[in-house]
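Notes follow once the structure below has been shown.
The values are calculated or read from the model by the stated rules, or taken from the named source; none is laboratory data. Note that this is a predicted model, so its numbers are computed, not measured. Glycine also receives a Cβ, built like all others from the backbone with ideal geometry; neighbour counts cover every protein chain displayed. For the accessible areas, the whole protein counts, side chains as well, though only heavy atoms, and no ligand, DNA or RNA atoms are used. Shrake-Rupley method; radii C 1.70, N 1.55, O 1.52, S 1.80 Å.
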Amino acid sequence: MRTLIKNGTIVTAIDEFVGDVLVEGEKIIAVGAQLDATADEIIDAKGKYVLPGGVDQHVHYSFEFKGERVRGFETSNAAVAGGTTTVVEFVNQEQGKGMADTIFEMDKNEVAPQAMADYSYHAVVCDPVDKTFEEIADLPNRGISTVKLFMAYKGMPFHSDDEALYKALKAAKEAGVTVMVHCENADVIDLLQKKLVAEGKTDPYYHAVSRPARVELEATQRVINLAAMVEAPVYIVHVTAKSVMEAIRSAKNEGLPVYGETCVQYLMLEEDDLAKPNFEGAKYVMSPALRTKADQEALWEAFDNGWLNAISTDHCGFDWESQKHMGIDDFTNIPNGAPGVENRLGILWTYGVNTGKISRQRFVDLFATTPAKNMGLDHCKGHIGVGMDADIVLYDPNGSSVISNENSLHGVDYSTFEGYKQEGKVDKVFLRGKLVVDEGEFIGEKGDGKFIPGKPFALCFDDAQAAKELKNV
Ligand code: URP
Ligand code: ZN
Ligand code: ZN
């Protein structure tokens, strides 16, 4: 089956031009101006942007918090409807089980039959025994090239201490596995939480009070130092604050291979959202906590300079009524995390591109191209080019809509972006050549998504090598 997408404005991370994209089967086989090609189907994309399908390198379809589990891959159509064709899922290692075994058991039972977006996996260290660190060397053979550790969440099975971090960084460096870290000082948060609850300060707003930016900064600086000790690259996930971004910037200026992402919510939402009445604030409980306008501005400025290189969602499909209410009497029991995978493109286009904060090229870079490189998926994902998977979004810049949970596919009862205006809309989405969104409607099927193995020695290692060479000059 051949499809010719004609006369669209093709946007890549470095350029933009009016042209055609020829798709055969699952791949893009030609890109150019006025392609002289025959096709089974010709789509006129005049006036529309032709974007690579998004890569969200930070999602949770299996996360559990105090016994509450997020919605799973049966809701991954939300990603695709929002223009994200590849998601990278964090899988918490089961105690006593290998990380890859945990992942592929889940893959077989829950993910492969239900996925509607392509997907890859991050291993998450939860059982810090020697065998776990030894397994890191083998992860790339199983298509897993990233491993995550949580410095936060004291007392939870997925919390890691400094010993685990150091051991993981050392093993990962040799294997070409990128270590990703959730940076917050777990001990201090624990102390602050206990103090606040003892004082009767139990509302959702105190979630932010118990997790000030400095707990994120301290942990970020600590892991930067640990990584420097073993000369390993490190990737800081969901950066929220100006000070944390600046710590990454300083490390880069020192020549250290330190990288970071932020998430849509940290660019758009604020600490004050946690103070909404009638327990609405619980919808905004996520970790690290939401910050201030000044932090948002600093994060937007980080992109053009490469201080942060991706925008993710940290998508967590927890229900407000049936799950977040667990913490009605004590904010520490509110499941952490919020949905967002469906809104990444629309929000970034409207509040980033259309306000002039980022160019269309930078948008594509942050939304698809660099996340694919970070994850070792850039051999087939994140770019409109010959030989790439035909993951293509046709974005119609005309018209506008308002985000409403009623029209969302993420399977929960709220959206943190409820009422936000969006300019333009996702018109069509192709997943490896298959039309899965047409005129804005999801028409794909469960099982359309497939596992895409990540390659080791990904972007963070390229730059690590470059930094080393620079030092040796
Ligand atoms: O609050 C959040 N972000 N929940 C998801 C797990 C994590 O910390 O990434
Ligand atoms: Zn996290
Ligand atoms: Zn997360």
Next item on the list: Please work out the FRET efficiency for the pair E64 and L35, using the Cβ-Cβ distance as r and a Förster radius of 60 Å; give the result to the nearest 0.05.
Entry: 0.80
Next item on the list: Return one whole number: the accessible area per residue of the chain in Å², for a 1.4 Å probe.
Entry: 37
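Would you tally the net charge around Q296, using a Cβ to Cβ cut-off of less than 13 Å, leaving Q296 out, and scoring K and R as +1, D and E as -1? Don't skip to the answer; put the middle values down first.
On the way: positive: K242, R291, K293, K357; negative: E270, E271, D272, D273, D295, E297, E301.
So the surrounding residues net to -3.
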Notebook entry, point to check: When we measure straight from the Cα of K446, which aspartates and glutamates land under 13 angstrom away, once same-chain ones fewer than 8 places off are left out?
Noted result: E74, E110, D118
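Could you tell me the calculated FRET efficiency between S400 and D438, based on Cβ-Cβ distance and R0 = 30 angstrom, to the nearest 0.05?
On the way: r = 20 Å, r/R0 = 0.67.
Plugging the Cβ-Cβ distance into 1/(1 + (r/R0)^6) gives 0.90.
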Checklist line | Long-range HN-HN contacts of H58 with modeled amide H, under 5 Å | finding: V88, T313, D314
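R0 = 51 Å: FRET efficiency of D15 with A198, Cβ-based, nearest 0.05?
Details: r = 58 Å, r/R0 = 1.14.
Using R0 = 51 Å, I get an efficiency of 0.30.
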Next item on the list: Return, for the Cα atoms of the chain, the radius of gyration and Dmax in Å, separated by a comma.
Entry: 21.2, 73
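Rounded to a whole number, what % of the accessible area of the chain do carbon and sulfur atoms account for, probe 1.4 Å?
So the carbon and sulfur contribution to the accessible surface is 47 percent.
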Next item on the list: Whole Å is fine, so just give me how far the alpha carbon centre of the range 10-84 lies from that of the range 145-220.
Entry: 33
Notebook entry, point to check: In the range 171-239, which GluC sites (Glu not before Pro) fall in coil by DSSP and have 16 or fewer other Cβ atoms within 10 Å?
Noted result: E199, E231
Check: If the chain between K455 and M229 were fully stretched, how many nm would it gain, using 0.36 nm times the residue separation less the Cα-Cα distance?
Finding: 78.9 nm
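Between D130 and E94, what length comes free when the chain is fully extended (0.36 nm per residue of separation minus the Cα-Cα distance, one decimal in nm)? Present the calculation step by step, with values, prior to reporting the outcome.
Working: separation 36, 0.36 × 36 = 12.96 nm, distance 1.50 nm.
That works out to 11.5 nm of additional length.
Considering only Cα-Cα distances, which of the following residue pairs are longer than 21 Å: K357/K425; K148/K173; K252/K381; K97/K381?
On the way: K357/K425 19 Å; K148/K173 13 Å; K252/K381 26 Å; K97/K381 31 Å.
The pairs that break the limit, which is 21 Å between Cα atoms, are K252/K381; K97/K381.
Find the relative contact order for the range 181-318 and round it to a whole percent, using C-alpha pairs within less than 8 Å whose residues are 6+ positions apart.
On the way: 202 pairs, mean separation 37.8, N = 138.
With pairs under 8 Å counted, the relative contact order is 27 percent.
Select from the range 389-460 those trypsin sites (Lys or Arg not before Pro) which occupy a DSSP coil region and have at most 11 other Cβ atoms within 10 Å, ordered by residue number. Don't skip to the end; give the middle numbers.
Details: sites: K421, K425, K428, R432, K434, K446, K450; in loops: R432, K446, K450.
When the trypsin sites (Lys or Arg not before Pro) of the range 389-460 are filtered for loop state and at most 11 Cβ neighbours within 10 Å, nothing remains.
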Check: In nm, what is the difference between 0.36 nm times the number of residues separating D190 and R222 and their Cα-Cα distance?
Finding: 9.7 nm
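Exceeding 26 Å between C-alpha atoms, which entries from my cross-link table qualify? They are K373/K428; K324/K373; K194/K324.
Numbers: K373/K428 24 Å; K324/K373 35 Å; K194/K324 19 Å.
Result: K324/K373 exceed 26 Å.
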Check: Around Q114, which amide H atoms from residues at least 5 apart in sequence, or from another chain, sit under 5 Å from its own amide H, with H modelled in the peptide plane?
Finding: G447
Check: Label N305 and E110 with points 7 Å out from Cα along Cα→Cβ: what is the distance between them in nm?
Finding: 4.0
Next item on the list: Enumerate by residue number the GluC sites (Glu not before Pro) in the range 260-350 meeting two conditions: DSSP loop (anything except H, G, I, E, B), and at most 13 other Cβ atoms within 10 Å of the site's Cβ.
Entry: E321
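Report relative contact order for the chain in percent, whole number only (criteria: Cα-Cα under 8 Å, sequence separation at least 6). All intermediate terms of the calculation are to be shown ahead of the outcome.
Values: 1161 pairs, mean separation 105.2, N = 473.
So the answer I get is 22 percent.
State, as an integer percentage, the relative contact order of the range 303-381 based on alpha-carbon contacts under 8 Å between residues 6 or more apart. Mind showing how you got there, number by number?
Details: 71 pairs, mean separation 24.7, N = 79.
After rounding, I find 31 percent.
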Checklist line | From phi via Karplus (6.51, -1.76, 1.60), per-residue ³J(HN,Hα) for the range 383-399 in Hz, x at Gly/Pro | finding: 7, 8, x, 4, x, 7, 4, 7, 9, 9, 10, 9, 10, 8, x, 7, x
